[in-house]
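Student: Could you have a look at this structure, given as structure tokens, before my questions?
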Amino acid sequence: MRIALIAEGSYPYVTGGVSSWVHSLISSMPEHEFVIYAIGASSEQQGKYKYDLPANVVQVCEYFLDAHLQDEGKWGKRYRISPQERDALLAFISGASHVDWQVLFNWMSDGGFGSAANFLRSRDYFDLLSELSETKFQYVPFTEWFWTVRSMVLPLFVLLREPIPQADLYHCVTTGYAGVIGSMAKWRTGKPLIITEHGIYSREREEEIIKAEWVPSYFKEQWIDYFYMLCNCAYESADQVITLFGRNREIQIELGCSSSKISIIPNGVEFHDYVGLPAKAVGDNRIHVGAIVRVVPIKDIKTMIQAFAIVKQEVPDSTFWIIGPYDEDPEYYAECQALLEALAVEEVTFTGSMQISNIIGKMDLLVLSSISEGQPLAVLEGMAAGKPFVTTDVGSCKELLYGMDDAYGPAGFVAPVMNVDSIAQAIIELCNHPDERVRMGVAGQERVRNLYSKQQFIQSYVALYESYEEGRTWQASALN
Amino acid sequence: MAGIGFELKKLFTRRELAYRLRAYAISSIVTVGPMLACMMMIIGAQLVMKAWEGPLSERELLFGGAVYAFVCSYIIVSIYQMMTTRAVSDMLYEQRYEQILPSVYAGLIWSLTPALLIGGAFVIWAPLSFGYKLALYLFFVQLVVIWHLGVYVTALKHYGYVFGAFAVGGIVGTLNCVLWPFITGSLSAAAMLWMLNIGICCTLLGLAYAVERQFGGRLPSTKGATGTIDATSATGATSAAGVTRKGDLSADKRLSDEARSYSLVQWMRRYPSLMGIGFMMALGLYTHQIVQWIKNEGIWVEGVFRMSPAYDLPVYYAFLTTIPTLVLFVVALETSFYPKCRQYYETVLGQGSMREIEQARRDMSQVLVYEVSLLMGIQLFFTILSIAFAVRLLPFFGFTSTMIEAFNILALSFFAYTLFMVIVLVLLYFDDRKGVFALSAIMLACSATFSILFDNVDTSFAMFTASFIALTLSLGRLRYVIRHLHYYTFSAQPIVIKRTPL
């Protein structure tokens with residue numbers, strides 16, 4: 001079967017949980033062909049893959065959100081828009097909760113549409129904007145609103161004009177832009193659409209927008225609505241929505257996804273890869289605290305550094321290792337360095353990208369201070385390696401560390417998000433109690449071995465794909 | 001106009017009659033000053049020659065040469081004039097003052113090159129006395145320089161110098177013409193042209209000094225000076241383009257730091273249509289006359305200049321009837337329309353909601369309709385007055401009834417043409433280059449076609465028809481653009497800003 005995996009802002013350009021997940025899914029299913037539909041942020045990323053693509057990847061379609069820079073468009077073009085199309089467009093531009101995507105897809109596929117830039121410079125589009133501004137956005141500065149809406153809808157308009165690769169099944173790794181592309185693919189080809197949502201895309205964007213300084217306060221709601229609208233499109237179109245844990249499922253239902261579509265397939269790690277890893281040198285009595293993270297704002301490295309400054313005062317012989325790439329957001333990395341200097345914290349090392357199996361065994365405990373997560377692979381890997389964890393209360397961390405009514409016991413501590421003191425106290429607690437570290441490490445290891453194995457995760461997807469393949473075979477035989 | 005608005009507005013806010021008169025005087029100087037001064041000097045020279053009963057052939061030669069120099073220099077400079085006006089407005093708006101003076105010289109090189117070549121060809125070819133050819137050559141080249149400096153004159157603040165330049169030039173030129181026959185007894189066209197050249201040279205040097213003084217070493221970086229230029233300089237067209245450049249001005253400033261030189265080629269690439277517009281507008285103004293020269297009624301003056309005296313004189317005088325519009329237009333535009341236009345773009349660029357932007361558009365539109373109607377009314381009044389007086393007075397200047405008839409129709413033609421030009425300039429305030437390009441092309445095409453098709457006597461009527469068609473279409477276009485101004489302002493802006501680096 002040929003499966004198109006639609007990834008946004010992750011595989012194969014960025015390392016991290018979702019990308020690792022995609023890579024191991026593809027690598028574990030040599031019997032299927034995969035087409036990667038990758039949506040990147042910047043054209044500079046083109047061809048710069050962070051992974052060696054497995055042999056069963058038959059095609060990579062690369063699209064970038066800044067692609068619109070290539071198209072200036074021409075103004076003055078007129079479109080024939082039916083009342084239905086007009087309503088759909090109005091709903092889309094205003095970020096309404098319900099948009100008739102079928103009508104929109106149909107209209108955009110029409111040969112007369114031309115380029116997205118042409119439409120956004122057309123009189124019809126301007127008339128729609130003016131009408132909206134009269135009815136819904138009377139008091140916002142029009143110029144800012146004009147540019148905001150343009151920059152909001154342009155990337156998607158451009159993406160929707162791109163060709164859709166042929167596949168037997170479309171599998172989006174997130175909702176958002178990828179989800180809309182998947183929906184369009186389903187609409188065009190009639191092939192099934194599956195969505196695996198690791199974190200909750202719309203919630204993550206909402207957090208991002210709320211914090212973003214570049215979005216004026218009076219436009220935040222519109223940006224947020226826009227992303228919720230994109231996610232709704234994906235939820236509506238998908239045949240099946242897969243999530244990693246129960247809490248996400250509840251949120252998805254809350255956001256309007258039909259409960260009957262949602263099933264849970266947790267992440268998994270190859271347990272044996274984490275057994276017998278190189279440990280710290282004999283006689284090394286220092287406490288090594290590690291964090292397997294990309295150095296990006298959503299991982300909240302700054303809180304982690306502040307917490308470690310407190311830890312360092314209580315546990316002077318502790319060291320701190322931030323294990324993961326720091327080139328993704330150089331500005332943020334520089335801020336972290338500046339914070340380290342300001343706090344005068346010593347023995348903090350940014351290792352950069354590295355094989356985590358070489359270092360994870362040398363750690364005494366691991367930390368994750370993310371603001372948002374799905375089911376972090378880093379936590380599963382650390383637990384598999386028998387390391388106790390201090391995490392923030394995001395995604396399924398609580399479920400992973402404390403278990404869901406299982407008998408393994410806690411595998412660490414869960415602290416509130418951005419709460420420096422709580423995180424620091426939990427780390428200090430583990431630093432000062434070696435027995436507890438061991439006990440919690442073992443509990444985590446057992447939980448991962450029994451509940452979050454890679455085998456289980458892969459088998460679930462094999463079965464999922466097969467269910468669609470059977471359908472396909474059945475359809476084929478029926479036709480014959 | 002590169003910008004005289006603020007100064008005029010300041011004058012108009014003071015109610016004293018003296019100030020009001022001064023304001024009109026200033027706008028007269030900067031708009032019609034160059035043309036009027038030259039025309040008056042030529043008429044003066046003609047009158048002197050007539051008074052001394054100089055030979056008709058010499059009078060015709062002087063007139064023929066002057067008209068050719070006038071038309072040719074105007075058409076050559078017009079290719080760059082509109083674009084230079086826009087460039088200077090942009091520079092003033094973006095405070096890239098250091099590029100203004102280089103632009104004066106770059107424009108001069110581009111205008112003078114064809115002028116020198118054409119003039120050179122004339123000097124080699126024309127079977128005339130060397131003294132006359134050289135005088136005419138110099139006259140023609142000086143006119144090119146004066147028309148070119150005229151663009152910058154509108155942006156000057158030292159009107160005293162400008163006025164002085166025209167006054168001294170005019171007086172010196174006319175006095176020379178009057179005194180020369182007294183001293184030498186010569187009434188040759190060549191001698192008269194040399195005398196005029198001295199006067200024109202005075203004007204040219206005065207203007208060059210004023211421009212150099214304003215934009216040379218002392219840049220207007222002091223608070224007061226910047227304030228004046230800020231308020232006056234941004235034409236509507238620039239403001240419209242300003243929407244594109246939201247947040248982009250810092251980049252311009254950076255650019256200006258890096259590139260202090262000015263290259264006309266870059267502006268040509270940026271606003272190619274303005275070159276076409278300028279050229280077609282100028283050509284459209286003279287086509288009927290050129291066609292008339294070529295037609296059967298034309299005569300050869302000294303075997304060199306194809307002329308049509310019975311037509312050229314009415315054209316000359318009829319053109320003078322447009323002075324009220326040329327003067328009033330600047331005052332109306334800069335003092336009433338421009339502030340509203342600026343307010344509209346400020347609302348657009350600022351925090352204005354759609355309702356506020358729409359209100360600003362209506363306010364501007366109202367003022368524009370009022371000012372254009374007033375201008376049409378006043379010009380019509382003067383045109384009718386001119387026609388009435390012409391019938392009575394022109395016979396005393398040797399006009400025949402056919403010439404008076406031509407004058408009457410031409411006065412009405414120029415009424416339409418001048419208003420058409422006003423509308424075109426207003427459209428350029430809204431950066432409607434495409435529309436204006438089409439309009440000027442239509443004007444030129446109509447004027448050429450009708451002039452060729454109509455009978456000889458009806459060449460003036462051809463100009464009349466072409467001008468009225470152009471005026472009607474331009475009014476329609478203006479109405480359309482004003483109605484859809486929001487769309488023009490917003491959607492004409494590219495999705496991505498790709499600017500030709502300066």
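Student: So if I check each of B:359, B:351, B:343, which one is under 30 Å from residue A:131 (Cβ atoms), more than 14 Å from every other protein chain (Cβ to nearest Cβ) and surrounded by fewer than 21 Cβ atoms within 10 Å (Cβ to Cβ)?
Tutor: Sole residue among the options that is under 30 Å from residue A:131 (Cβ atoms), more than 14 Å from every other protein chain (Cβ to nearest Cβ) and surrounded by fewer than 21 Cβ atoms within 10 Å (Cβ to Cβ): B:343.
Student: Please go through segment A:277-292 and give me each residue that is free of Cβ contacts under 8 Å to residues at least 24 places away in the same chain and of a type in the set (Val, Ile, Thr), ordered by number.
Tutor: Residue satisfying the conditions is A:282 alone.
Student: Taking the conditions exactly as written (at pLDDT 85 or above, part of a helix (DSSP H, G or I), hydroxyl-bearing (Ser, Thr, Tyr) and within 25 Å of residue B:424 (Cα to Cα)), does residue B:68 satisfy them or not?
Tutor: Details: at pLDDT 85 or above: yes; part of a helix (DSSP H, G or I): yes; hydroxyl-bearing (Ser, Thr, Tyr): yes; within 25 Å of residue B:424 (Cα to Cα): no.
It is false that residue B:68 is at pLDDT 85 or above, part of a helix (DSSP H, G or I), hydroxyl-bearing (Ser, Thr, Tyr) and within 25 Å of residue B:424 (Cα to Cα).
Student: While we're here: Determine whether segment B:349-365 contains at least one residue that is within 28 Å of the chain's Cα centre (by Cα), at pLDDT 80 or above, of a type in the set (A, V, I, L, M) and closer than 27 Å to residue A:138 by Cα.
Tutor: yes
Student: Shifting gears a bit: Test each condition in (1) in contact with a Ser or Thr (Cβ under 7 Å, 6 or more places away or on another chain); (2) within 26 Å of residue B:438 (Cβ to Cβ); (3) of a type in the set (D, E, K, R) for residue B:361 and report the one that comes out false.
Tutor: (1)
Student: Any residue that is at pLDDT below 90 and among the aliphatic types (A, V, I, L, M) - is there at least one of those in segment B:430-453?
Tutor: Yes - at least one qualifying residue is present in segment B:430-453.
Student: Please go through segment A:137-159 and pick out each residue that is assigned to a helix (DSSP H, G or I), under 22 Å from residue B:359 (Cα atoms) and not β-branched (Val, Ile, Thr).
Tutor: Within segment A:137-159, A:142, A:144, A:145, A:146, A:147 meet the criteria.
Student: Identify, by number, the condition in (1) within 14 Å of chain A (Cβ to nearest Cβ); (2) without any contact (Cβ under 8 Å) to a residue 60 or more places away in the chain; (3) of a type outside the set (D, E, K, R) that residue B:366 doesn't meet.
Tutor: Condition not satisfied by residue B:366: (1).
Student: Same structure again: Check B:453, B:439, B:444, B:473 and return the single one that is surrounded by 16 or more Cβ atoms within 10 Å (Cβ to Cβ), more than 26 Å from residue B:337 (Cβ to Cβ) and away from chain A (no Cβ under 14 Å). Step through it out loud before you land on a result.
Tutor: Numbers: B:453 fails: surrounded by 16 or more Cβ atoms within 10 Å (Cβ to Cβ); B:439 fails: more than 26 Å from residue B:337 (Cβ to Cβ); B:473 fails: more than 26 Å from residue B:337 (Cβ to Cβ).
Matching residue, one of B:453, B:439, B:444, B:473: B:444.
Student: Look at residue A:134 and say whether it is within 14 Å of chain B (Cβ to nearest Cβ), in a helix (DSSP H, G or I) and exposed (fewer than 15 other Cβ atoms within 10 Å of the Cβ).
Tutor: Answer is yes for this residue.
Student: Which residue, of A:414, A:379, A:345, A:367, is within 25 Å of residue A:319 (Cβ to Cβ) and in a loop (DSSP other than H, G, I, E, B)?
Tutor: Unique residue meeting the criteria: A:345.
Student: Please work out which one of (1) of a type outside the set (Asp, Glu); (2) touching a strand residue (DSSP E or B) at 6+ places or on another chain (Cβ under 9 Å); (3) buried (at least 21 other Cβ atoms within 10 Å of the Cβ) is the condition residue A:315 fails and give its number.
Tutor: Of the numbered conditions (1) of a type outside the set (Asp, Glu); (2) touching a strand residue (DSSP E or B) at 6+ places or on another chain (Cβ under 9 Å); (3) buried (at least 21 other Cβ atoms within 10 Å of the Cβ), the odd one out for residue A:315 is (3).
A quick yes/no check of all residues on (1) under 20 Å from the mean Cα position of the chain (by Cα); (2) more than 12 Å from chain B (Cβ to nearest Cβ); (3) farther than 19 Å from residue A:233 by Cβ:
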{"position": "A:125", "(1), (2), (3)": "no, no, yes"}
{"position": "A:130", "(1), (2), (3)": "no, no, yes"}
{"position": "A:143", "(1), (2), (3)": "no, no, yes"}
{"position": "A:147", "(1), (2), (3)": "no, no, yes"}
{"position": "A:152", "(1), (2), (3)": "yes, yes, no"}
{"position": "A:158", "(1), (2), (3)": "no, no, no"}
{"position": "A:162", "(1), (2), (3)": "no, yes, no"}
{"position": "A:182", "(1), (2), (3)": "yes, yes, no"}
{"position": "A:185", "(1), (2), (3)": "no, yes, no"}
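Student: From the list A:331, A:314, A:250, A:335, exactly one residue is acidic (Asp, Glu) and within 26 Å of residue A:448 (Cβ to Cβ). Which is it?
Tutor: None of the others qualify; the one that does is A:250.
Student: All but one of (1) crowded, with 17+ Cβ neighbours inside 10 Å; (2) touching a helix residue (DSSP H, G or I) at 6+ places or on another chain (Cβ under 9 Å); (3) assigned to a helix (DSSP H, G or I) hold for residue A:127; state the number of the condition that does not hold.
Tutor: (1)
Student: Follow-up. Out of A:345, A:390, which single residue is touching a residue at least 24 places away in the same chain (Cβ under 8 Å) and surrounded by fewer than 22 Cβ atoms within 10 Å (Cβ to Cβ)?
Tutor: After applying the criteria, what remains is A:345.
Student: Also, quick follow-up: Suppose the filter is touching a Cys at 6+ places or on another chain (Cβ under 8 Å), more than 14 Å from chain B (Cβ to nearest Cβ) and either among the charged types (D, E, K, R) or not in a strand (DSSP E or B) (or both); does residue A:194 pass it?
Tutor: The answer is no for residue A:194.
Student: Quick one: would you say residue A:311 is assigned to a loop (DSSP other than H, G, I, E, B) and under 23 Å from residue A:429 (Cβ atoms)?
Tutor: Judged against the criteria, residue A:311 is not a match.
Student: Confirm whether residue A:407 is within 25 Å of residue A:313 (Cα to Cα) and either touching a strand residue (DSSP E or B) at 6+ places or on another chain (Cβ under 9 Å) or assigned to a loop (DSSP other than H, G, I, E, B) (or both).
Tutor: Judged against the criteria, residue A:407 is not a match.
Student: For segment A:109-123, which residues satisfy the criterion of being at the interface with another protein chain (Cβ under 9 Å from one of its Cβ atoms) and crowded, with 19+ Cβ neighbours inside 10 Å?
Tutor: Answer for segment A:109-123, where residues must be at the interface with another protein chain (Cβ under 9 Å from one of its Cβ atoms) and crowded, with 19+ Cβ neighbours inside 10 Å: A:116, A:117, A:120, A:121, A:122.
Student: Hey, can you tell me all the residues within segment B:328-340 that are buried (at least 21 other Cβ atoms within 10 Å of the Cβ) and farther than 23 Å from residue B:487 by Cβ?
Tutor: B:328, B:329, B:330, B:331, B:332, B:333, B:334, B:335
Student: While we're on this one: So which of A:348, A:414 is out of contact with any Lys or Arg (no Cβ under 7 Å at 6 or more places or on another chain) and among the hydrophobic types (A, V, I, L, M, F, W, C)?
Tutor: Working: A:414 fails: out of contact with any Lys or Arg (no Cβ under 7 Å at 6 or more places or on another chain).
Just a single option satisfies the conditions, and that option is A:348.
Student: Tell me whether segment A:77-88 contains one or more residues that are within 14 Å of chain B (Cβ to nearest Cβ) and either over 25 Å from residue A:188 (Cα atoms) or of a type in the set (Lys, Arg) (or both).
Tutor: Yes: segment A:77-88 contains one or more residues that are within 14 Å of chain B (Cβ to nearest Cβ) and either over 25 Å from residue A:188 (Cα atoms) or of a type in the set (Lys, Arg) (or both).
The values are calculated or read from the model by the stated rules, or taken from the named source; none is laboratory data. Treat the numbers as computed from the prediction; the structure is a model and nothing was measured. When we count neighbours, we look across all protein chains shown, and the Cβ atoms used for this are built from the backbone with ideal geometry, even at glycine.
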